[in-house]
1. Does the range 127-134 contain any residue that is open to solvent by less than 20 Å² (accessible area, probe 1.4 Å), of a type in the set (Ser, Thr, Tyr) and within 24 Å of residue 51 (Cα to Cα)?
2. Answer yes or no: is there a residue in the range 67-77 that is outside any helix (DSSP H, G or I), under 22 Å from residue 150 (Cβ atoms) and among the basic types (Lys, Arg).
3. Being out of contact with any helix residue (DSSP H, G or I) (no Cβ under 7 Å at 6 or more places or on another chain) and farther than 30 Å from residue 229 by Cβ is the requirement here; does residue 85 meet it?
4. Among the residues of the range 79-105, write down those that are surrounded by fewer than 17 Cβ atoms within 10 Å (Cβ to Cβ) and either farther than 18 Å from residue 152 by Cα or among the aromatic types (Phe, Trp, Tyr) (or both).
5. In the range 174-212, which residues are of a type in the set (Ser, Thr, Tyr) and farther than 11 Å from residue 15 by Cβ?
6. Restricting the search to the range 11-38, which residues are touching a residue at least 60 places away in the same chain (Cβ under 8 Å) and open to solvent by 10 Å² or more (accessible area, probe 1.4 Å)?
7. Taking the range 168-180, which residues are small (Gly, Ala, Ser) and out of contact with any Ser or Thr (no Cβ under 6 Å at 6 or more places or on another chain)?
Amino acid sequence: MASTPLTRDRVAAMIDHTLLSPDASRDDVAACVAEAQDLGVKAVCVSPAMLPVRAAGLTVVTVAGFPSGKHHALVKAMEGRLAVDQGATEVDMVIDVGAAIAGLVDEVMAEVLTVRDAVPPPIRIKVILESAAIHRALGDEAGDERIEAVCRAVAEAGADLVKTSTGFHPAGGASVRAVEAMHRAVGGRLGIKASGGIRDADTARAMIDAGATRLGLSGSRAVLEGFDA
């Protein structure tokens, strides 16, 4: 889907430089922010307990319902609201993946609506589907259909982006197939964030070509080294 050359600067402007390790310290977060600033990426994504952070020049992203998604919708909403009060301007929320797999798309839509009510625009909400878990449970074609249905539902609920993965699920992270399904459903209306297991420039390029508009990376430097200035 990429229509212009993927230069280093263009890719950097798509990256959420991410540190969501459960054993990360505040010094680790400070180092992550400093690296993000040095690399010139768009955003830094950290755990909500690490907020607030000093991140001049960067969008501050955090997560809600992370990583399992098995939190009450009101808990996710209040987690997002508190994070915004502490300086986050984007919230990546994890859906109830089991509900999505079971076909309870209306329940997924309802929880996104709950978070949207607590975190109104201009705060941006990204909705994490755990696409690899959906594909593993349903198979490729049925998984594609379910991913597309969930994407359309969360778009109606007011989400700004859909996102493939937390990076913590045993089923795996981002795939080209999942990004393509997301793009078919909401490409041009919502942003699409590919996240989980993207460790080199070739993988990043494939995700962007499939329709990704944002990348969640912990190894941003290694990925950017594969693109020409």
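1. So far as the range 127-134 goes, no, none of its residues is open to solvent by less than 20 Å² (accessible area, probe 1.4 Å), of a type in the set (Ser, Thr, Tyr) and within 24 Å of residue 51 (Cα to Cα).
2. Yes, the range 67-77 has at least one match.
3. Values: out of contact with any helix residue (DSSP H, G or I) (no Cβ under 7 Å at 6 or more places or on another chain): yes; farther than 30 Å from residue 229 by Cβ: yes.
Spelling it out, residue 85 is indeed out of contact with any helix residue (DSSP H, G or I) (no Cβ under 7 Å at 6 or more places or on another chain) and farther than 30 Å from residue 229 by Cβ.
4. Once the filter is applied, which keeps residues that are surrounded by fewer than 17 Cβ atoms within 10 Å (Cβ to Cβ) and either farther than 18 Å from residue 152 by Cα or among the aromatic types (Phe, Trp, Tyr) (or both), the range 79-105 yields 82, 85, 86, 87, 89.
5. 175, 203
6. Initial filter on the range 11-38 (touching a residue at least 60 places away in the same chain (Cβ under 8 Å)): 11-12, 14-20, 35-36.
Residues satisfying the conditions are 14, 18, 19, 20, 35.
7. 171, 172, 175, listed by residue number.
Matching residues to (1) part of a helix (DSSP H, G or I); (2) without any contact (Cβ under 8 Å) to a residue 60 or more places away in the chain; (3) touching an Asp or Glu at 6+ places or on another chain (Cβ under 7 Å); (4) open to solvent by 10 Å² or more (accessible area, probe 1.4 Å):
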{"residue": "170", "(1), (2), (3), (4)": "no, yes, no, yes"}
{"residue": "174", "(1), (2), (3), (4)": "no, yes, no, yes"}
{"residue": "178", "(1), (2), (3), (4)": "yes, yes, no, no"}
{"residue": "181", "(1), (2), (3), (4)": "yes, yes, yes, no"}
{"residue": "185", "(1), (2), (3), (4)": "yes, yes, yes, yes"}
{"residue": "199", "(1), (2), (3), (4)": "no, yes, no, yes"}
{"residue": "202", "(1), (2), (3), (4)": "yes, yes, no, yes"}
{"residue": "209", "(1), (2), (3), (4)": "yes, no, no, yes"}
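The values are calculated or read from the model by the stated rules, or taken from the named source; none is laboratory data. The structure presented is a predicted model; accordingly, all values stated were derived computationally and were not measured. Every residue, glycine among them, receives a Cβ derived from its backbone with ideal geometry; neighbour counts consider all protein chains shown. For the accessible areas, the whole protein counts, side chains as well, though only heavy atoms, and no ligand, DNA or RNA atoms are used. Shrake-Rupley method; radii C 1.70, N 1.55, O 1.52, S 1.80 Å.
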